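The block underneath contains the structure these notes are about, expressed in structure tokens.
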2 protein chains.
Amino acid sequence: MYGLIGRMTAIPGQRDALTAILLESLGTMPGCLSYIVAHDPADDHAIWVTEVWTDQAAHRASLQVPEVKAAIARGLPLIATFEDARATAPMGGIGFR
Amino acid sequence: MYGLIGRMTAIPGQRDALTAILLESLGTMPGCLSYIVAHDPADDHAIWVTEVWTDQAAHRASLQVPEVKAAIARGLPLIATFEDARATAPMGGIGFR
């Protein structure tokens with residue numbers, strides 16, 4: 001499995017709108033086993049996204065899905081900063097689709 | 001919902017053993033919606049744990065579950081470092097139990 005842990009900040013006042021966009025296209029991502037969007041209680045602008053995919057290829061392919069591309073296009077203007085996403089190798093757990 | 005994102009390192013040669021311990025007691029944690037144990041490909045000793053709970057109280061209660069207490073007791077000697085876990089407020093996604 002392939003995982004990502006990333007943190008971004010929304011431009012002021014747009015965290016909820018950005019969160020909604022991130023959550024919209026989730027149904028259309030083959031190979032996505034877990035995708036969790038969370039707010040950072042310590043920063044009103046910050047969003048954490050933690051993901052698990054069957055493999056890195058599935059993640060890459062998802063970026064070409066029309067709905068995902070459309071969501072990215074709408075979300076990008078609302079993003080102030082991206083922290084480097086950390087790649088992970090999920091070994092197991094609970095709460096996979 | 002209440003979430004945690006944490007990173008720890010195992011003492012040399014013990015990452016797999018620590019991972020196994022972390023994964024062992026997962027079935028016994030009421031209120032745990034997601035608990036993913038992942039290796040850090042960039043560091044042979046590092047483990048990421050990302051968690052989602054119904055609420056913080058469920059997470060706290062889990063630490064009193066006998067199986068979890070036993071796993072913690074066996075795991076602690078294998079842990080070299082703990083980075084501060086980041087609390088999150090999960091807003092949604094896919095892959096919740």
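The values are calculated or read from the model by the stated rules, or taken from the named source; none is laboratory data. Please read these numbers as outputs of a predicted model, since none were measured by experiment. Ideal geometry is used to build each Cβ from the backbone, glycine not excepted, and the neighbour counts take in all protein chains shown. Ligands, DNA and RNA are stripped out before the accessible areas are found, and what is left, the full protein with its side chains, is counted by its heavy atoms. Shrake-Rupley method; radii C 1.70, N 1.55, O 1.52, S 1.80 Å.
Condition first: more than 8 Å from every other protein chain (Cβ to nearest Cβ), among the hydrophobic types (A, V, I, L, M, F, W, C) and within 24 Å of residue A:48 (Cβ to Cβ). Now tell me which residues in region B:11-26 satisfy that.
Once the filter is applied, which keeps residues that are more than 8 Å from every other protein chain (Cβ to nearest Cβ), among the hydrophobic types (A, V, I, L, M, F, W, C) and within 24 Å of residue A:48 (Cβ to Cβ), region B:11-26 yields B:18, B:22.
So which of B:15, B:74, B:97 is in contact with a Cys (Cβ under 9 Å, 6 or more places away or on another chain), in contact (Cβ under 8 Å) with a residue 24 or more places away in the chain and farther than 23 Å from residue A:7 by Cβ?
Going through B:15, B:74, B:97 in turn, the sole match is B:97.
How do the strands (runs of 3 or more DSSP E) wholly within region B:28-97 filter down when requiring 1 or more residues that are open to solvent by less than 10 Å² (accessible area, probe 1.4 Å), within 21 Å of residue B:16 (Cα to Cα) and within 7 Å of another protein chain (Cβ to nearest Cβ): which remain?
Strands (runs of 3 or more DSSP E) meeting the threshold: B:32-39.
Assess whether residue B:6 counts as being open to solvent by less than 30 Å² (accessible area, probe 1.4 Å), at positive phi and assigned to a strand (DSSP E or B).
Against the criterion (open to solvent by less than 30 Å² (accessible area, probe 1.4 Å), at positive phi and assigned to a strand (DSSP E or B)), residue B:6 does not qualify.
Can you pull out the residues in region A:9-27 that are closer than 26 Å to residue B:42 by Cα and surrounded by 21 or more Cβ atoms within 10 Å (Cβ to Cβ)?
Residues satisfying the conditions do not exist here.
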